[in-house]
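Engineer: The structure follows.
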Amino acid sequence: MKQRPWLFLLPALLLVSISAFIPLITVMNYSQLTLLPGTEPYFSGLENFVAILEDEAFRAALGRQVIFSFLVLITEIPLGLGLAMAMPKEGPGVGLSLVLLGIPLLIPWNVVGIIWRVFTRSDIGVLPAAFDWFGYSYEISSSTFDAWWTVLAMDIWHWTPLVVLICYAGIQAIPEEYYMAAKIDRASPWKTFRYVTLPNLRGVLIIAVLLRLMDSFKIYAEPFVLTGGGPGSSTTFLSTYTSRMAIGGFQMGRGAATSLIYFFIVILISFVIYIVMLNLGQGAGGDQ
Amino acid sequence: MAEIEVRDIRHVYDAGTADETVAIDDVDLTLQDGTANALLGPSGCGKTTLLQIISGLLQPTEGQVLIDGEDVTAKPPAERDIAQVFQFPVIYDSMDVYGNLAFPLRNGGVPEAEIEERIQKIADLLELNDILHSSPSNLGPELNQLVALGRGIIRADTSAILFDEPMTDVEPARKLTIRRRVKEAQKEFDITALYVTHDQHEALTFAEKVAIMRDGRLVQYDTGENLYENPVNTFIGHFIGSPGMNLLGCGLTKENGAPHAQIGPHAISVSDDIHHAMDLSWTDCHIGIRPSSVTVQVADPQDDTHYIPATVSQVEMVGGYQILTARLDDTDVEVKARVAHDYMIDEDVSIWLRFPPDTIQFFHEEEAVHAP
């Protein structure tokens, strides 16, 4: 019975094919059809892809998406790393910090959106009231700037703890001897961070960056609940665009093509970042 | 290059809590300028703690650390000019070998020209020239440990270097090479060195003097020869040598007006010096004899009373010689003896053993007895 190992893999293969392979192939199929309600679908080749790539709304959503993910990474990664380094390493403070950090991670995405929606409402929200007190008129439903930074703040609040937890685990795993050696070698705190902490966290940081990149690139429920993509389309990201195209606009073929382009962009960016980070500082010359 | 002295060191971990442990107590030790020393002892005896107190990574609960007579107890490691090589190679792997060696110098603001000169010298000594621009992650643990050593001795003002079981990650076959280079570096720079290990062979081959610790206390600090020949107590006798000294519990009897050691029905003569120091009222006595000093005879020595009848219980071939274990007849005392590798002997055979009096050590309440 040489086939026996395959029997053990069968349940997992079935699950993965139902949840991933089959939908992906279906989407590939749809992406090359013109699918309009009430008409017979017909094959239209790459027409859907061309139409999307030429669509101004798509390019704008993609641009916003890239800026958003970039801002998420440059704030959440350093902030998460800093918090992880500041966390106590032993004692009762450890448990307390971990529980506090865990709370945002346990809340479902759309609930986070609702919490922030209440928080920012102009009639009963705490945030507008607080800004009002400082003389700033906070308007999430009409100011692009306010909507943007609020969506960003919400993501930072929700997901920085994940970065902290990953980094904290990585820091705990660095042998104490490295820090002892750095002390003996008269390394300044900055050099200790640069040559001990950072290189030892390379693997962990790659994971944190990739997770945050992919998740932020796919962000949907929170901004959808908080701003609905507005004001105008100022907080319409790629996922919002895609779902509007497919469900709101009844253009399943276009929606499928958007999904594939979307999928390809996520994989491409993740791959590039992974390769770059893997080689970053790896045995680089004797320079300082 | 300096003299290192620790005075009345005591160190307690988790003081005042339920986990309170005294790691080191009452340790006094002076390492002379430019000497190679080893710190030997079983795992958990406080060796690493003492090392970290000397390098300044730990503050002792009590006592002082002096470098060339200056009290440095309160100084951080960076100001003590003491290098340390750890159990596993501690390497900054985002820099190449050159960058690693340059690191302590750059941190001290040494000009690049001088750094290059210094690195060249160290690389020649440790034979690192070919890998200066390699990334440490491509080198094995042996070479990395040499790089770590090089980083320790690169500073011209390094006053001492401490090794904390540096051979742990090194393959047995390469230990000899690495140890030779370590030893050469120590000699070349005349650097005061302290080498922590639980392997007596490593300690004795590296060091001129070995300090032996047990349960947080310093038991004996002496040359290898003295540790072997004149152990201060039964612990050292048993710990040094492979196998260790035979320690045979004995009573004291008077024979011809002089005290003798007595094991069961067998009387054993000791040297005149020891015998003058003995007191018949003593209990808890041991005679100690090295397996290599025991004389073994297969033929019945007839009336020669210096020989004690015994029965072989085990024969082990240990490379160039054999270690046999024999039980003294009419007692349950076992003695190990060393015989040549081609000595024909079998288990359960009757033999006769002789303990030459001048090779016998005598211990009263575990402490060595010397001439009065």
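Each reported figure results from applying straightforward, stated rules to the coordinates on display, with no laboratory input. Just so we're clear, the structure is a prediction, and the values are computed from it rather than from any experiment. Every residue, glycine as well, gets a Cβ built from its backbone with ideal geometry; the counts of neighbours run over all protein chains shown.
Engineer: At a threshold of 8 angstrom on Cα-Cα distance, excluding pairs fewer than six apart, so keeping six or more, what relative contact order does chain A reach in percent?
Structural biologist: Details: 284 pairs, mean separation 83.4, N = 288.
RCO, chain A: 29 percent.
Engineer: Run the numbers on the range A:206-288 and let me know its relative contact order in percent, using alpha-carbon pairs under 8 Å that are six or more apart. Intermediate values should be presented prior to the final figure.
Structural biologist: Working: 43 pairs, mean separation 23.7, N = 83.
Reported as a whole number, the value is 28 percent.
Engineer: Among B:176, B:247, B:218, which one shows the highest mean-square fluctuation when chain B is modelled as a Gaussian network with alpha-carbon springs under 10 Å?
Structural biologist: B:176
Engineer: Placing +1 at every Lys and Arg Cβ and -1 at every Asp and Glu Cβ, with all other atoms neutral, what dipole size does the range B:107-179 have around its Cα centre, in debye to the nearest 20? Provide the component values of the computation, followed by the final result.
Structural biologist: On the way: 7 positive and 13 negative charges, 33 e Å.
In debye, rounded to 20, the range B:107-179 gives about 160.
Engineer: Convert 10 °C to kelvin, take the viscosity as 1.306 mPa s, use the Kirkwood radius over C-alpha pairs of the protein assembly as shown as Rh, and evaluate the Stokes-Einstein diffusion coefficient in µm²/s, rounded to a whole number. The partial results should precede the final answer.
Structural biologist: Values: Rh = 31.9 Å.
Result for D is 50 µm²/s.
Engineer: In vacuum, with every alpha carbon of chain A counted as one equal point scatterer, what does the Debye formula give for log10 I(q)/I(0) at q = 0.11, 0.16 Å⁻¹? Two decimals, please.
Structural biologist: -0.86, -1.28
Engineer: How far is it, in nm, from the label point at residue A:215 to the one at residue A:123 when both lie 7 Å from their Cα along the line to the Cβ?
Structural biologist: In this crude spin-label approximation the distance works out to 3.4 nm.
Engineer: Also, quick follow-up: Report the residue, chosen from B:303, B:273, B:93, that carries the largest GNM mean-square fluctuation when chain B is represented by alpha-carbon nodes joined by springs under 10 Å.
Structural biologist: B:303
Engineer: Under a plain spin-label model, where a point goes 7 Å from the Cα along Cα-to-Cβ, how far apart in nm are residue B:345 and residue A:133?
Structural biologist: Label-label distance for residue B:345 and residue A:133, simple model: 9.2 nm.
Engineer: Angle between the Cα long axis of helix B:172-189 and the longest principal axis of chain B, 0 to 90 degrees, nearest 10?
Structural biologist: Roughly 70 degrees, rounded to the nearest 10.
Engineer: Next up: How much net charge surrounds residue A:164 when only the other residues with a Cβ under 13 Å from the Cβ of residue A:164 are counted, with Lys and Arg +1 and Asp and Glu -1?
Structural biologist: Its environment carries a net charge of 0.
Engineer: DSSP beta bridges in the protein assembly as shown, what fraction antiparallel, as a percent rounded to 5?
Structural biologist: Working: 65 of 84 bridges.
Counting DSSP beta bridges with both partners in the protein assembly as shown, the antiparallel share is about 75 percent.
Engineer: Where nothing but the Cβ of Lys and Arg (+1) and of Asp and Glu (-1) is charged, how large is the charge dipole of the range B:4-229 around its Cα centre, in debye to the nearest 20?
Structural biologist: Numbers: 20 positive and 40 negative charges, 74 e Å.
Dipole of the range B:4-229, to the nearest 20 debye: 360 debye.
Engineer: Between beta-carbons, use under 14 Å as the cut-off and find the net charge around residue B:323, counting Lys and Arg +1, Asp and Glu -1. Mind dumping the intermediate values first?
Structural biologist: Numbers: positive: B:290, B:336, B:338; negative: B:316, B:334, B:347.
Computed value for this residue: 0.
Engineer: What's the angle, to the nearest 10 degrees (0 to 90), between helix A:56-86's Cα axis and the longest principal axis of chain A?
Structural biologist: With rounding to tens, the tilt is 20 degrees.
Engineer: Which value, in debye to the nearest 20, gives the size of the charge dipole of the protein assembly as shown about its Cα centre, when Lys and Arg are +1 and Asp and Glu are -1 at the Cβ?
Structural biologist: On the way: 42 positive and 80 negative charges, 810 e Å.
Charge dipole, the protein assembly as shown, about its Cα centre: 3900 debye, nearest 20.
Engineer: Follow-up question, since we're still on this one. Relative to the first principal axis of the alpha-carbon coordinates of chain B, what is the inclination of helix B:97-107, with its axis defined by its Cα atoms, in degrees from 0 to 90 and to the nearest 10?
Structural biologist: Approximately 80 degrees, to the nearest ten.
Engineer: Rank A:148, A:38, A:201 by how far each Cα sits towards the positive end of the charge dipole of chain A (+1 on Lys, Arg Cβ; -1 on Asp, Glu Cβ) and give me just the farthest.
Structural biologist: The one lying farthest along the dipole's positive direction is A:201.
Engineer: Also, I was wondering about something else. Name the GluC sites (Glu not before Pro) in the range A:19-98 that are in a loop by DSSP and that have at most 12 other C-beta atoms within 10 Å, would you? Present the calculation step by step, with values, prior to reporting the outcome.
Structural biologist: Numbers: sites: A:47, A:54, A:56, A:76, A:90; in loops: A:90.
Within the range A:19-98, the qualifying GluC sites (Glu not before Pro) (loop, at most 12 other Cβ atoms within 10 Å) are A:90.
Engineer: Cβ under 13 Å from residue B:357's Cβ, residue B:357 left aside: what net charge do those residues give with Lys, Arg +1 and Asp, Glu -1?
Structural biologist: Values: positive: B:354; negative: B:272, B:273, B:358.
Surrounding charge for residue B:357 is -2.
Engineer: Determine which lysines satisfy two conditions relative to residue B:187: a Cα distance under 21 Å, and not lying fewer than 8 residues away in the same chain.
Structural biologist: Answer for residue B:187, where 21 Å is the Cα cut-off: B:121, B:175, B:209, listed by chain and number.
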